[in-house]
Amino acid sequence: IEKVEKLIRLMVDNDLSSISLRDGDEEITLSRPSANGSAQHPMDVPPQVVIPGPGNVGASEAAPPANPESDSADDGLVTIDSPMVGTFYTSPTPEDDSFVKVGSKVTTTSVVCIIEAMKVFNEIRAEVAGTIEKILATNQQAVEYGQPLFTVRPD
């Protein structure tokens, strides 16, 4: 995670659209789309992260997949976990409504929150269609990598 955070900082500080690093079996590639040369706010363009290697299945975007492995046999709920260490935000700005509330319907592409890591705002997508059952983090809370943020009842 520290390597990824340092690379993201390097990308943002130097306005890079992509960066790759290979160290033995480990390979990290980060990219973010450019908007025809115009500067964009980091919240508008989250970095894309791919981390193949031993023990890693890889990740796309800065968002984790909903974690179907964590389904409870009893209730069928799926968790959406934090893909990184950072600060959890329920809305794009303090004045805006929350992305989702308990009972909100989400699709695989619905933004459910933002996690700020090293001054980069990463939109986290549900990656599962269903209904938000619980919000497990509070606004502006520090969250850890892999920490469950939401539970979703899949459609």
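Site pair Glu116 and Thr138 shows an inter-label distance of 1.8 nm when each label is modelled 7 Å from Cα along Cα→Cβ.
Can you return the lysines within cross-link range of Lys105? Criterion is Cα-Cα under 23 Å, with same-chain partners fewer than 8 residues away left out. By straight Cα distance, Lys105 reaches Lys134. Computed from the Kirkwood radius of its Cα pairs, the Stokes-Einstein diffusion coefficient for the stretch 113-155 at 20 °C and 1.002 mPa s stands at 186 µm²/s. In plain terms, the chain from Thr109 to Thr29 could stretch by 26.6 nm, reckoned as 0.36 nm per residue minus the Cα-Cα distance.
Pulled fully out, how much extra length does the chain show between Lys3 and Thr87, if you take 0.36 nm times their separation in residues and subtract their Cα-Cα distance? Before the final figure, lay out the partial values.
Details: separation 84, 0.36 × 84 = 30.24 nm, distance 1.81 nm.
Stretched fully, the Lys3-Thr87 segment lengthens by 28.4 nm.
Annotation: amide H-H contacts under 5 Å for Val85 (H modelled 1.01 Å from N, sequence separation of 5 or more, or interchain): Tyr145.
Taken together, the values in this text are just the output of simple stated rules run on the coordinates, not laboratory data. This is a predicted model, so every value here is computed, not measured. Glycine also receives a Cβ, built like all others from the backbone with ideal geometry; neighbour counts cover every protein chain displayed.
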